[in-house]
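S.K.: Sharing a structure with you now.
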Amino acid sequence: MFWQVTLSILKGCGEAAELFFLTLLFSLPLGLVISFGSMSKWTPFRKLYGRQNRFLHGLARIRPISTITNTVVWIIRGTPLMLQLIIVFYGPGMWFDANPWNLFADGRMFACVLTFVVNYACYFSVIFRGGIEGVPVGQREAGQVLGMTKTQIFFKVTLLQMIKQVVPPMSNEIITLVKDTSLARIIAITEIIKAGESFMKSDGITWPLFYTAVFYLAFVGALTLLFGWIERKMDYFR
Amino acid sequence: MAILEVRNIEKHFGATRVLEDISFELERGQALAIIGSSGSGKTTLLRCLNFLETPDQGSISVEGSVIFDAADPATQKESELRKKRLHFGMVFQSFNLFPQYTALENVTLAVKLLAKERQDYKQNKNRILAEIEDEGKALLERMGLSDRADHYPHQLSGGQQQRVAIARALALHPDILCFDEPTSALDPELTGEVLKVIRSLADQKTTMIIVTHEMAFARDVADQVIFMDGGVIVEQGPAKEVIDNPKQERTRQFLSRYAEN
Ligand SMILES: Nc1ncnc2c1ncn2[C@@H]1O[C@H](COP(=O)(O)OP(=O)(O)OP(=O)(O)O)[C@@H](O)[C@H]1O
Ligand SMILES: [Mg+2]
């Protein structure tokens, strides 16, 4: 029985790992793009500055890109991931009588990865933004007066300082992601919890459900060691 | 001919005018001290010279050629700005050393990056890099820091960090070296070692502009002094004259506040 349960949960681990790694793979770069968007200072109406008309004058200050990005980030971070999953997966069928997810070989997983990627990208964008803005302007200015190009300043001066600042909050978020994979069961993906729970119905035993904790702990433990190692690697400077 | 000519510089931040009609000249090998109360625009002036801010009006010439003219967009091309900055070196109040590099790496980083643009870089790479290393070490030695070359900034005292920053600026051989209150962020017992280095640079006829609150130092080391107040130059002239016998009432008031302390 023990091996049967373990095997079944390991299968769930496979699903969870797929979700975890695909989410990381796509949400990290997307998060960086969103963070640039949220910091955009583009003011297309700035020529209207100083107009008599109060409305036009106000328009001059509007930064459309950062306003839109910040609103999206607010909505995504302000609603539960579980709700987002339900809307994305069941929404089209309920409201439009169409289920686009059938078009994919593994539609459930596809919808799930998509939702996770957008959700986590929003969280990551805030962390990245903190990292970028956390590098003192003096660093960039020092590079400038030394005749370095913008690219050189980014790669040789700011990037590593950014990474150092971003690693601790990122490791937190990534560890949360491990446990958030369990939300996938809401759209009937057999991840770890669902795999363990299924033995309650079929065999009337509860211990497999609690046994799943071991798998989460092992995975998070490995990640903790990894992040600890990365942080130590960058301990040589402040 | 003056190495630096600044003509009618004006700078606004939004609606506030921070610099107004700033004009002065600096001869090669001379040291110019800029004094003035807080908020008088000293930092902004140095930042304009280093193109960290763009003046709204006026022109800047180095060795007779106009490198910036607010009225002439051709002098403001982003692509050339980077090269023009190299006429000036800048030492910041807060050092701004790169924390992830050792003292020596801080000094050599920009020089190495710049060397990549040389025609003969590929052929002579090893020789060029070795020369840069040697010069970096020599500069640190001049700053009295030869035993600190492999230390990271956080392992150095404030005075040592500022001396590394001075070596870093010197490594690019600027025509004019600018200091923005180089000792203001230092404990009193550490200011001496930095001032000593700047004094020795003056003895070696380095062309410098030094924003400072150290009046005695300005009087001894600088050839010229500019007193600024409210964004304008109130008085300028030979250092000892301005500090010992100021002609303007505002300069007198400012200096007497220092005499009291
Ligand atoms: N980026 C900025 N935006 C708006 N106002 C600024 C900015 N930088 C400086 N100022 C203003 O310009 C004025 C001159 O500032 P500046 O830093 O040049 O003075 P300072 O003479 O260097 O003063 P201190 O002795 O305190 O360093 C101040 O009133 C300051 O508030
Ligand atoms: Mg200042």
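The values are calculated or read from the model by the stated rules, or taken from the named source; none is laboratory data. On a predicted model such as this, the values are computed, not experimentally measured, just so you know. Ideal geometry is used to build each Cβ from the backbone, glycine not excepted, and the neighbour counts take in all protein chains shown. These area figures cover heavy atoms from the full protein model, side chains too; ligands, DNA and RNA do not enter into them. Shrake-Rupley method; radii C 1.70, N 1.55, O 1.52, S 1.80 Å.
S.K.: Report the residue count in the range A:1-43 for those that are crowded, with 20+ Cβ neighbours inside 10 Å and among the small types (Gly, Ala, Ser).
M.R.: Total satisfying the criteria: 6.
S.K.: Looking only at the range B:13-28, how many residues end up being open to solvent by less than 60 Å² (accessible area, probe 1.4 Å) and away from ligand 2 (no atom under 16 Å from the Cβ)?
M.R.: The number of residues fulfilling the criteria is 3.
S.K.: Yes or no: B:THR207 within 19 Å of B:PHE98 (Cα to Cα), of a type outside the set (A, V, I, L, M) and either within 16 Å of ligand 2 (Cβ to nearest atom) or in contact with a Leu (Cβ under 7 Å, 6 or more places away or on another chain) (or both)?
M.R.: Against the criterion (within 19 Å of B:PHE98 (Cα to Cα), of a type outside the set (A, V, I, L, M) and either within 16 Å of ligand 2 (Cβ to nearest atom) or in contact with a Leu (Cβ under 7 Å, 6 or more places away or on another chain) (or both)), B:THR207 does not qualify.
S.K.: In addition: Considering each of B:ILE22, B:ILE67, B:ILE60 in turn, give the residue that is more than 16 Å from B:MET90 (Cβ to Cβ), among the β-branched types (Val, Ile, Thr) and more than 10 Å from ligand 1 (Cβ to nearest atom).
M.R.: B:ILE22
S.K.: How many residues are surrounded by 21 or more Cβ atoms within 10 Å (Cβ to Cβ) and either more than 8 Å from ligand 1 (Cβ to nearest atom) or more than 12 Å from B:VAL234 (Cα to Cα) (or both) when one looks only at the range B:31-40?
M.R.: The total comes to 5.
S.K.: So B:LEU46 fits all but one of (1) away from chain A (no Cβ under 14 Å); (2) of a type outside the set (Asp, Glu); (3) within 11 Å of ligand 1 (Cβ to nearest atom); what number is the exception?
M.R.: (1)
S.K.: Which ones in the range A:128-179 are at the interface with another protein chain (Cβ under 9 Å from one of its Cβ atoms) and of a type in the set (Ser, Thr, Tyr)?
M.R.: Within the range A:128-179, just A:THR149 meets the criteria.
S.K.: Quick check on this structure: which one of B:GLY144, B:GLY136 is more than 16 Å from ligand 2 (Cβ to nearest atom) and farther than 30 Å from B:VAL62 by Cα?
M.R.: The unique qualifying residue is B:GLY144.
S.K.: Using the structure shown, decide if B:ILE67 is within 16 Å of ligand 2 (Cβ to nearest atom), β-branched (Val, Ile, Thr) and open to solvent by less than 60 Å² (accessible area, probe 1.4 Å).
M.R.: For B:ILE67, the condition - within 16 Å of ligand 2 (Cβ to nearest atom), β-branched (Val, Ile, Thr) and open to solvent by less than 60 Å² (accessible area, probe 1.4 Å) - is not met.
S.K.: Tell me the helices (runs of 4 or more DSSP H) entirely within the range A:1-106 that contain at least 3 residues that are closer than 25 Å to A:ALA213 by Cα.
M.R.: A:2-38, A:81-96
S.K.: Kindly evaluate B:ILE198 against the criterion of being in contact (Cβ under 8 Å) with a residue 12 or more places away in the chain and either part of a strand (DSSP E or B) or closer than 26 Å to B:GLU27 by Cα (or both).
M.R.: Here the answer is yes, as B:ILE198 does meet what is asked.
S.K.: Here are some conditions: (1) farther than 24 Å from B:ALA33 by Cβ; (2) open to solvent by less than 10 Å² (accessible area, probe 1.4 Å); (3) within 21 Å of the chain's Cα centre (by Cα). B:GLU141 meets all but one. Which one does it not meet?
M.R.: Of the numbered conditions (1) farther than 24 Å from B:ALA33 by Cβ; (2) open to solvent by less than 10 Å² (accessible area, probe 1.4 Å); (3) within 21 Å of the chain's Cα centre (by Cα), the odd one out for B:GLU141 is (2).
S.K.: Within the group B:LYS137, B:LYS122, which residue is in contact (Cβ under 8 Å) with a residue 12 or more places away in the chain and of a type in the set (D, E, K, R)?
M.R.: Going through B:LYS137, B:LYS122 in turn, just one is in contact (Cβ under 8 Å) with a residue 12 or more places away in the chain and of a type in the set (D, E, K, R): B:LYS137.
S.K.: Another question about this same structure. Quick check on my filter: what residues within the range B:43-64 are within 16 Å of ligand 2 (Cβ to nearest atom) and open to solvent by 10 Å² or more (accessible area, probe 1.4 Å)?
M.R.: Hits for the range B:43-64 are B:THR43, B:THR44, B:ARG47, B:LEU52, B:GLU53.
S.K.: In the range B:186-216, what residues are open to solvent by 60 Å² or more (accessible area, probe 1.4 Å) and of a type in the set (Gly, Ala, Ser)?
M.R.: B:ALA216
S.K.: Same structure again: Please report, ordered by residue number, the helices (runs of 4 or more DSSP H) entirely within the range A:128-238 with at least 3 residues that are crowded, with 17+ Cβ neighbours inside 10 Å, hydrophobic (A, V, I, L, M, F, W, C) and within 20 Å of the chain's Cα centre (by Cα).
M.R.: In the range A:128-238, A:159-180 are the helices (runs of 4 or more DSSP H) which contain 3 or more residues that are crowded, with 17+ Cβ neighbours inside 10 Å, hydrophobic (A, V, I, L, M, F, W, C) and within 20 Å of the chain's Cα centre (by Cα).
S.K.: Would you mention how many residues in the range B:1-12 are within 16 Å of ligand 2 (Cβ to nearest atom) and surrounded by fewer than 18 Cβ atoms within 10 Å (Cβ to Cβ)?
M.R.: So the count comes out to 0.
S.K.: Going by the conditions given, is B:PHE88 away from ligand 1 (no atom under 16 Å from the Cβ) and modelled with pLDDT of 90 or more?
M.R.: Yes.
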